[in-house]
Amino acid sequence: MPRTGPRLPGLLPLFLATVLAVTACTSAGDEPAAPKSRPATTPTGKPDRQHPVAAFLQPGREAVMMTDAAGRTWKAADLEPSTATSSFNAAQVPRELVWSPDASRLAWIDTSGVSETGQIHLLDVRSGQLASRPCPCAGLGFLGEDAVSLANDGRSLLLFPPSGKARRIALDERLPPYSQLATGGTDDVTLFSLLPEGDEIHRGEGTLVVADREGEVRPLLPDKGTTSFAEAQRQPGGEAVAWADLESSGACWPVQTVQTHPGTSGAGPRRGLPGDAAFRHALVEKPRMVTHLAWAGDGLTLTYSALSTCQVMAPERTASYHLRDGRWTYLGSGMLGIAFGAEGRVVRLKDPVYAKADITNAADPTTGTLTLTTGGSELVLGKGVSVFALTPAESAAARPPKSPAAQPGAGVAAVDDHGARLPAAVRQLARDIAEAAARGDSDRLVELCDPCSTGEHDWIRSGDGARNVLRAIRTHPMRQPGGDLLYPGLTMCVDEPGKDISCTPQQLHDAAALRLKPGLAPGMEYSGSSYTASDAVLVPLTLRLEKGTARWTGLAAG
């Protein structure tokens, strides 16, 4: 895929912290599916603090929380301020929580900037004791039971054992600046090694290498294999690695794609994207972000999303999947993340609250409501949650979904192109037109198009007439000054928030339904991509409401 913008490795952590966003949630296809009824209240009783199944972060409460298998939650630790300041701030919100293999320890890092020394926090889950210390860390994971990071100078691994002093493992190969620890492992760790720019190496590109306890560094990818790195996860108890490859970047044009690798040095990674209606409907061909990535047994759960700070968001602009052996199973839309656990447990982060931000300023993270589905009930674990992580044992014991969630349906809209409710008579007429067009019943369509000219009737009876009528009537109409309703209502809109012609969620739906390709807004001062309905080669349909009766009065020039 061609690169579409400058690489910004120094801004990457800040960039990733500000662009992750999505909207409300639909049911996923795991067993059991998320109930459509109102979630049950959190169960009573004392939580099993010795056996948590997940940890999550609530920045508003400045708290690290945990839950047991029954959905009982407790505060495990307070988020601690930086040693350089006396108070906690949004820039220090950890971007990940990392479990030790046996879930006896939980680790996270906060930092106020790429060039500054942040802190590593190590929580003993059994005793509840929290140890925090300054750490020139780049990335975080576990090497066996030892918390581990890459030193900022790239010369050594930093180890933090359960007991005893921290120590270094000198690497036999120094990694360049901005390299980082990607993910941990039982006997070795995976590192992202930044490559010098030039000779077809773009800014921000690097390769993946493996380092063991002896400090020996060996390549993971094939010779001259390159990638860009955003997030990685090692399969619990296994060697496979999955990561989000930042294929291209720039202010508002990142393109992330999940890649998987068996963990054998020299083997090639496996890259793929879903090609179903939900992925197309989300309009995340370019740009897109991976907002959550987690192992589920020998498969993965992941979520692709548009960017809230750069694009207009709607629930359908995210798509979550289970990926196993190259097979994609759609799990639902509108989630910040979803993960499967043991005994059919499902954790979902949904109902997000967006933070207004841009890439030049630190801002509060996007948060949502975290729920646990277990025993047929959906329990609310917490609101204002930014990240969550299941324990390795939970992830390893997860089962794949039995069936996919329902794909976005193709029906007749109940609202116009700005979300206002359409009269019942108009909705009924639109349904009648859609049903006849779906059957290819040209005679019925001609009967419904009244009054229409002979030329309009001929167009309806033409080879593609019924198909084009169906495409148009399944979109959202525009209200004309005289009261007419024009299908489709989309003329041109910009996929950029806060502009005078920003796309509405309804227009985005129509752009996806009409399979419009994003383009630029020529001659206009917009940086975002635009969607133009004329690209669909449609003849718009006109409906009119007269004294409570809806009529299809013909075609409109388009």
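Taking the conditions exactly as written (at negative phi and either modelled with pLDDT of 95 or more or hydroxyl-bearing (Ser, Thr, Tyr) (or both)), does residue 161 satisfy them or not? The answer is yes for residue 161. Per this entry, residue 461 is not counted among residues that are farther than 25 Å from residue 307 by Cβ, under 34 Å from the mean Cα position of the chain (by Cα) and charged (D, E, K, R).
Applying the set (1) closer than 30 Å to residue 500 by Cβ; (2) surrounded by 23 or more Cβ atoms within 10 Å (Cβ to Cβ); (3) among the β-branched types (Val, Ile, Thr) to residue 303 leaves exactly one unmet item: (1).
Taking each residue of the stretch 430-446 that is of a type outside the set (A, V, I, L, M) and looking for partners that are surrounded by 14 or more Cβ atoms within 10 Å (Cβ to Cβ) and part of a helix (DSSP H, G or I) with beta-carbon atoms closer than 7 Å, six or more apart or interchain, yields 432/448; 440/466; 442/460; 442/465; 442/466; 444/436.
Among residues that are outside any strand (DSSP E or B) and either open to solvent by less than 10 Å² (accessible area, probe 1.4 Å) or among the aliphatic types (A, V, I, L, M) (or both), residue 398 is included. Residue 367 satisfies every condition listed in (1) in contact with a strand residue (DSSP E or B) (Cβ under 7 Å, 6 or more places away or on another chain); (2) open to solvent by 20 Å² or more (accessible area, probe 1.4 Å); (3) modelled with pLDDT of 95 or more except (3). Can you say whether residue 81 is at pLDDT 55 or above, touching a Lys or Arg at 6+ places or on another chain (Cβ under 6 Å) and open to solvent by 30 Å² or more (accessible area, probe 1.4 Å), as far as the supplied structure shows? Judged against the criteria, residue 81 is not a match.
Could you check how many residues of the stretch 186-210 are among the acidic types (Asp, Glu) and at pLDDT 85 or above?
Total satisfying the criteria: 2.
Of the numbered criteria (1) assigned to a helix (DSSP H, G or I); (2) open to solvent by 20 Å² or more (accessible area, probe 1.4 Å), the one residue 328 fails is (1). Among the residues of the stretch 202-223, the ones that are of a type in the set (A, V, I, L, M) and surrounded by fewer than 15 Cβ atoms within 10 Å (Cβ to Cβ) come to 0 in all. Consider residue 450 carefully, then state whether it is in contact (Cβ under 8 Å) with a residue 24 or more places away in the chain, open to solvent by 20 Å² or more (accessible area, probe 1.4 Å) and not aromatic (Phe, Trp, Tyr). Considered against the rule, which asks whether it is in contact (Cβ under 8 Å) with a residue 24 or more places away in the chain, open to solvent by 20 Å² or more (accessible area, probe 1.4 Å) and not aromatic (Phe, Trp, Tyr), residue 450 comes out as yes. Among the conditions (1) in a loop (DSSP other than H, G, I, E, B); (2) open to solvent by 60 Å² or more (accessible area, probe 1.4 Å); (3) touching a Ser or Thr at 6+ places or on another chain (Cβ under 6 Å), residue 383 misses just one, which is (1). Of the strands (runs of 3 or more DSSP E) lying entirely inside the stretch 442-558, those containing at least 1 residues that are among the acidic types (Asp, Glu) are 541-546. Is there a residue being outside any loop (DSSP other than H, G, I, E, B) and at pLDDT below 80 anywhere in the stretch 211-232? Scanning the stretch 211-232, I find no residue that is outside any loop (DSSP other than H, G, I, E, B) and at pLDDT below 80, so the answer is no. Taking the criterion of being open to solvent by less than 10 Å² (accessible area, probe 1.4 Å) and of a type in the set (Val, Ile, Thr), the only residue of the stretch 306-322 that qualifies is 318.
Among the residues making up the stretch 256-282, those that are aliphatic (A, V, I, L, M) and either open to solvent by 20 Å² or more (accessible area, probe 1.4 Å) or part of a helix (DSSP H, G or I) (or both) are 267, 273, 277, 278. Residues being at pLDDT below 95, within 25 Å of the chain's Cα centre (by Cα) and open to solvent by less than 30 Å² (accessible area, probe 1.4 Å) are entirely absent from the stretch 37-49. For residue 415, are the conditions met, namely being under 14 Å from residue 541 (Cβ atoms) and in contact (Cβ under 8 Å) with a residue 24 or more places away in the chain? No, not satisfied. Taking the condition acidic (Asp, Glu) and either farther than 27 Å from residue 305 by Cβ or in contact with a His (Cβ under 9 Å, 6 or more places away or on another chain) (or both), does residue 546 pass? It is true that residue 546 is acidic (Asp, Glu) and either farther than 27 Å from residue 305 by Cβ or in contact with a His (Cβ under 9 Å, 6 or more places away or on another chain) (or both).
Taken together, the residues in the stretch 172-210 that are part of a loop (DSSP other than H, G, I, E, B) and hydroxyl-bearing (Ser, Thr, Tyr) amount to 3.
Within the stretch 159-201, the set of residues being out of contact with any Leu (no Cβ under 8 Å at 6 or more places or on another chain), open to solvent by 80 Å² or more (accessible area, probe 1.4 Å) and farther than 26 Å from residue 102 by Cβ comprises 172, 173, 174, 196, 197, 199, 200.
Of the residues in the stretch 507-514, not one is in contact with a helix residue (DSSP H, G or I) (Cβ under 6 Å, 6 or more places away or on another chain), touching a residue at least 40 places away in the same chain (Cβ under 8 Å) and farther than 27 Å from residue 312 by Cα. Scanning the stretch 473-485 for residues that are open to solvent by less than 70 Å² (accessible area, probe 1.4 Å) and of a type outside the set (Ser, Thr, Tyr) gives 473, 476, 477, 478, 480, 483, 484, 485.
Looking only at residues that are surrounded by 17 or more Cβ atoms within 10 Å (Cβ to Cβ) and more than 15 Å from the chain's Cα centre (by Cα) in the stretch 348-361, which one is modelled with the highest pLDDT? Ranking the qualifying residues of the stretch 348-361, first place goes to 355. In the condition set (1) open to solvent by 30 Å² or more (accessible area, probe 1.4 Å); (2) within 27 Å of residue 516 (Cα to Cα), residue 298 is compliant with all but (2).
Evaluating residue 470 against the criteria (1) over 20 Å from residue 511 (Cα atoms); (2) open to solvent by 20 Å² or more (accessible area, probe 1.4 Å) leaves one unmet condition, (1). Would it be correct to say that residue 291 is part of a strand (DSSP E or B), touching a His at 6+ places or on another chain (Cβ under 8 Å), among the β-branched types (Val, Ile, Thr) and within 27 Å of residue 238 (Cα to Cα)? Spelling it out, it is not the case that residue 291 is part of a strand (DSSP E or B), touching a His at 6+ places or on another chain (Cβ under 8 Å), among the β-branched types (Val, Ile, Thr) and within 27 Å of residue 238 (Cα to Cα).
The values are calculated or read from the model by the stated rules, or taken from the named source; none is laboratory data. Quick caveat, the model's predicted, so the values are computed rather than measured. Because the Cβ atoms are built from the backbone with ideal geometry, glycine has one as well, and the counts that use them run over all protein chains shown. What goes into the accessible areas is simple: the full protein's heavy atoms, side chains included, and nothing from ligands, DNA or RNA. Shrake-Rupley method; radii C 1.70, N 1.55, O 1.52, S 1.80 Å.
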